[in-house]
Amino acid sequence: MDLFAPTHLLIILLIILVIFGPSKLGDVGGAMGKAIRDFKRAMNEPDDVAKTVAKPDEAKAAEVVKPDKIS
């Protein structure tokens, strides 16, 4: 007996439809799609830490250190 048989999936979809209703089902699907897109985009963007490790000279040049005035 397969856990994800077509009849099982149909019953699960029917239960979800009853819980959320047809109007909310589109909103839930859209929110899940947006979350997946954002997750994929975040996984593909390089981290700021990786940029500073890859180019330490440029990171040091961008940092400006101002000495304190001693009176």
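With among the aliphatic types (A, V, I, L, M), surrounded by 10 or more Cβ atoms within 10 Å (Cβ to Cβ) and at pLDDT below 80 as the only criterion, which of Val64, Val53 stands out?
Val53
Yes/no matrix, rows are residues, columns are (1) in a loop (DSSP other than H, G, I, E, B); (2) surrounded by 10 or more Cβ atoms within 10 Å (Cβ to Cβ):
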site: Asp2; (1), (2): yes, no
site: Leu9; (1), (2): no, yes
site: Ile12; (1), (2): no, yes
site: Ile16; (1), (2): no, yes
site: Pro22; (1), (2): no, no
site: Arg37; (1), (2): no, yes
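The values are calculated or read from the model by the stated rules, or taken from the named source; none is laboratory data. These numbers come from a predicted model, not from an experiment. Counting neighbours? That spans all protein chains shown, and the Cβs are built from the backbone with ideal geometry, glycine included.
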